[in-house]
Amino acid sequence: MSANVCTTLRPWDGLKRCDPRPKRPLGKVTTMPTPRLNEKRWSIDLEKRIQEAHYSDPDAYNARYAFDPQSEREPFVIDTPPPYPSGTWHIGAVAQYSMIDVIARSQRLLGKEVYFPWGVDRNGINIEFTVEKNTKRKMRTYERGEFLDLCASTIETFTQAMRTTAKRVGLSCDFDREYLTDAPDYRSVTQAIFIDLFEQGAIVEDLRPNIYDPVEGTTIADAEVERVTRKTKLVDVRWQTNDGTEVIISTTRPEMICACGVVVVHPDDERYRALVGQTLALPMPSE
């Protein structure tokens, strides 16, 4: 008699992959369960009815998917990355969260107490751009309070639509524990964490260069910078040494010369060996 061969996929959860052809005693017939769906083909109306039935009983839904902090089962916490509601969800985002949902459901089947929260990131510059695009007005043409109200109402509309989409695709989140990053309690928690990290010395204040947008009048993150390849000019700039010798340095960014503090030459290159140790004057006006 040969046994099924199993291969451990992940040693931390004990999942195993076995021979899909189990050995059964001869003469034993396996009865397949009767499908609950009688429809011959899938339809949008059928899908809608199933979804409505799925969420129609909050108590039944929470009993299945809500997190119980008092449970004695092994906890499995998912640090759900909160989506940013500056527009409607595209298929890539839906696919990503669907894969997270697969993990949540598989861990429930393994008997774990799964915390799969639903949250929305409602801070950032993207919603400002969305409001400016929708109203065809720049942020600085508004009174501060008026613009903040527009941002709040716009992001709430997208938040509701995103929550509907999440339920539409069947995410098994704990929707009753929804968190919003602009909520007062959430801000209090995050600020308390930053203060604690600062007091521990894990966060320090320092002077660092930032990317500044002169049009929007604000600093922006690296992720918000679009890097493009384009044709430009190679500019020859004349420098002078202390004895008046002219040195030409080529650059594509002449506007950055004012920030130049050091000129580096190859010490083995005969063309520049005489320049080692000398001082070059920046070709900038004295006034």
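In this structure, does THR34 turn out to be outside any helix (DSSP H, G or I), among the polar types (S, T, N, Q) and under 28 Å from GLU156 (Cα atoms)? Considered against the rule, which asks whether it is outside any helix (DSSP H, G or I), among the polar types (S, T, N, Q) and under 28 Å from GLU156 (Cα atoms), THR34 comes out as no. Against the numbered list (1) surrounded by 12 or more Cβ atoms within 10 Å (Cβ to Cβ); (2) assigned to a loop (DSSP other than H, G, I, E, B); (3) at pLDDT 90 or above, GLN107 comes up short only at (2). Only one entry of ALA223, ALA152, ALA192 meets the criterion of being among the small types (Gly, Ala, Ser), more than 22 Å from TRP89 (Cβ to Cβ) and part of a helix (DSSP H, G or I), and that entry is ALA192. For beta carbons closer than 9 Å, sequence separation of 6+ or different chains, a first residue in the stretch 267-282 that is free of Cβ contacts under 8 Å to residues at least 24 places away in the same chain and aromatic (Phe, Trp, Tyr) and a second that is assigned to a loop (DSSP other than H, G, I, E, B) and surrounded by 10 or more Cβ atoms within 10 Å (Cβ to Cβ), the qualifying pairs are TYR272/VAL265; TYR272/HIS266. Contact map, the stretch 101-112: first residue without any contact (Cβ under 8 Å) to a residue 40 or more places away in the chain and farther than 15 Å from LEU171 by Cα, second residue among the aromatic types (Phe, Trp, Tyr) and buried (at least 17 other Cβ atoms within 10 Å of the Cβ), Cβ cut-off under 6 Å, separation 6 or more or different chains; pairs are LYS112/PHE76.
Only one of the numbered conditions (1) surrounded by 10 or more Cβ atoms within 10 Å (Cβ to Cβ); (2) without any contact (Cβ under 8 Å) to a residue 24 or more places away in the chain is not met by LEU207, and that is (1). Taking the stretch 112-140 as the range and being at pLDDT below 90 and at positive phi as the test, only GLY124 passes.
Candidates ALA161, ALA166: the one that is out of contact with any strand residue (DSSP E or B) (no Cβ under 9 Å at 6 or more places or on another chain), in a helix (DSSP H, G or I) and among the small types (Gly, Ala, Ser) is ALA161.
Take the conditions at pLDDT 85 or above and in a loop (DSSP other than H, G, I, E, B) and apply them to ASP243. Does it pass?
Answer is no for this residue.
Looking at this structure, is GLN191 in the same structural domain as ASN123 (by TED's automatic domain parsing), more than 30 Å from LYS133 (Cβ to Cβ), surrounded by fewer than 10 Cβ atoms within 10 Å (Cβ to Cβ) and at pLDDT 85 or above? Working first, answer last.
Details: in the same structural domain as ASN123 (by TED's automatic domain parsing): yes; more than 30 Å from LYS133 (Cβ to Cβ): yes; surrounded by fewer than 10 Cβ atoms within 10 Å (Cβ to Cβ): no; at pLDDT 85 or above: yes.
Against the criterion (in the same structural domain as ASN123 (by TED's automatic domain parsing), more than 30 Å from LYS133 (Cβ to Cβ), surrounded by fewer than 10 Cβ atoms within 10 Å (Cβ to Cβ) and at pLDDT 85 or above), GLN191 does not qualify.
Assess whether VAL263 counts as being surrounded by 10 or more Cβ atoms within 10 Å (Cβ to Cβ), under 30 Å from VAL215 (Cα atoms) and of a type outside the set (S, T, N, Q). When the stated conditions are applied, VAL263 does not pass them.
Between VAL131, VAL94, VAL102, VAL114, which is in a strand (DSSP E or B) and among the β-branched types (Val, Ile, Thr)? Steps first, please.
Numbers: VAL131 fails: in a strand (DSSP E or B); VAL94 fails: in a strand (DSSP E or B); VAL102 fails: in a strand (DSSP E or B).
After applying the criteria, what remains is VAL114.
A Cβ distance below 6 Å, combined with a sequence gap of six or more or placement on separate chains, defines the contacts here; from the stretch 82-95, residues that are in contact (Cβ under 8 Å) with a residue 60 or more places away in the chain reach residues that are in a loop (DSSP other than H, G, I, E, B) and surrounded by fewer than 16 Cβ atoms within 10 Å (Cβ to Cβ) in the pairs VAL94/VAL169.
The values are calculated or read from the model by the stated rules, or taken from the named source; none is laboratory data. Computed from a predicted structure; not experimentally measured. Don't worry about glycine lacking a Cβ; one is built from the backbone with ideal geometry, like all the others, and counts go over all protein chains shown.
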